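Accompanying notes for the structure given below.
The values are calculated or read from the model by the stated rules, or taken from the named source; none is laboratory data. All values derive from a computational prediction rather than experimental measurement. Cβ atoms come from the backbone with ideal geometry, glycine included; neighbour counts cover every protein chain shown. What goes into the accessible areas is simple: the full protein's heavy atoms, side chains included, and nothing from ligands, DNA or RNA. Shrake-Rupley method; radii C 1.70, N 1.55, O 1.52, S 1.80 Å.
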Amino acid sequence: MLDLPNLQTNVPLAPLTTYKIGGPADMFVTVHSAAELTAAVTAAKGRGIPYFVLGTGANILVSDAGFRGLVIHNRAKSIEVDTERLQVTAESGATIGEVIAAAAELDLGNLEYFTVVPSSVGGGVRQNFHFVEVDAAQWAASGEIVAGETQYLADRVTAGVVLDEAGKVHHVDHAWFEFTYDYSLMLDRPVILLATTFQMTRRPRAQIEQQIAASAAWRAAKQPLLADFPSCGSVFINIPGVGAGRLIDQAGLKGRSLGNVQVSPKHANYLVNLGGATAADVRGLIEAVQQEVQAATGQLLETEIGFVGDWSTWRS
Ligand SMILES: Cc1cc2nc3c(=O)[nH]c(=O)nc-3n(C[C@H](O)[C@H](O)[C@H](O)COP(=O)(O)OP(=O)(O)OC[C@H]3O[C@@H](n4cnc5c(N)ncnc54)[C@H](O)[C@@H]3O)c2cc1C
């Protein structure tokens, strides 16, 4: 057993994911600072125990069998605002929403495009969270929802602090992350993000709140809402210029279900939990969608979500 304060055993992971799916973690610890996060990772590595850093659980599917090892629930969320440099430095377990709120208090914005749905700083930077910029002024004036350019979290990241594979802490710059669409170097290297600095701009708090409201309106119009339909957002990587959801729709799969999981009739790239769905149902529906889309369109859809835990028995 690991020597960590507040270590728990056999902790259900489903409530800690937006899918509300998944079995228990054999070992589980919640960390509240970058130092505690580092200590937990170091302890697991030292004992050769598999570990997983969990943010808000919005981009993962946890297996029904759960996780054999240590899940580290990252709630390290100290946030510092530098009003001279117009920068915010946040520990990686802070949610993007918490960072936005702290900066907005001082009329600093620039992250308001990346909210409404859950994301920790760590999960968001790793995946280069992106979302369309909804025209907030037009939406406020007329209620019309007009989507503009895609905004990328990476474009706000100026620096980070990472714990590398050897247990060393490094201060890295923007270039280190090698950001592209849905990608950062963190997807290929098992480093842990401890903190990130974001470049902000002066923006009145009311304007930030209006942008968030416009984004929420866009999501309500186009996507199944998390409160009604647990999901992990888009399951498949978008194919530029084609769109994953459009291919699924073309293959006639909207509304298709397996067990209690359904291809959302509202947004085909969302496979939603209708209530009581299992991880095996989701995997099964993912495979069915991939096969049928390939047969109908010739395109192979790849998954963007992470499969976490023990999948050795999911087909049985
Ligand atoms: C309804 C809905 C809508 C969504 N819409 C969008 C959208 O518009 N755009 C978009 O980009 N995404 C979207 N997503 C996906 C999700 O919100 C993002 O991918 C988010 O950034 C995931 O962050 P997280 O904290 O939940 O990560 P988690 O799901 O907790 O973890 C994801 C991965 O990141 C790793 N990780 C987490 N923290 C760290 C760390 N500190 N260091 C190293 N690795 C870490 C985990 O180990 C795991 O491998 C949506 C999700 C939902 C549920």
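Quick notes
- Helices (runs of 4 or more DSSP H) contained entirely in segment 53-152, each with at least 2 residues that are within 14 Å of the ligand (Cβ to nearest atom) and open to solvent by less than 50 Å² (accessible area, probe 1.4 Å): 96-104, 121-127
- Residue check, V235 open to solvent by less than 40 Å² (accessible area, probe 1.4 Å), within 19 Å of S119 (Cβ to Cβ), among the β-branched types (V, I, T) and within 16 Å of the ligand (Cβ to nearest atom): yes
- For segment 174-191, a residue qualifies if it is open to solvent by less than 20 Å² (accessible area, probe 1.4 Å) and either farther than 25 Å from K20 by Cβ or without any contact (Cβ under 8 Å) to a residue 24 or more places away in the chain (or both), and the qualifying residues are F177, S184, M186, V191.
- Filtered residues of segment 238-252 (kept if open to solvent by 40 Å² or more (accessible area, probe 1.4 Å) and within 14 Å of the ligand (Cβ to nearest atom)): N238
- Residue within segment 206-225 that is under 17 Å from the mean Cα position of the chain (by Cα), open to solvent by 70 Å² or more (accessible area, probe 1.4 Å) and of a type in the set (A, V, I, L, M, F, W, C) present: yes
- Identity of the residue in segment 10-24, at negative phi and of a type in the set (G, A, S), that ends up farthest from the ligand (Cβ to nearest atom): G23
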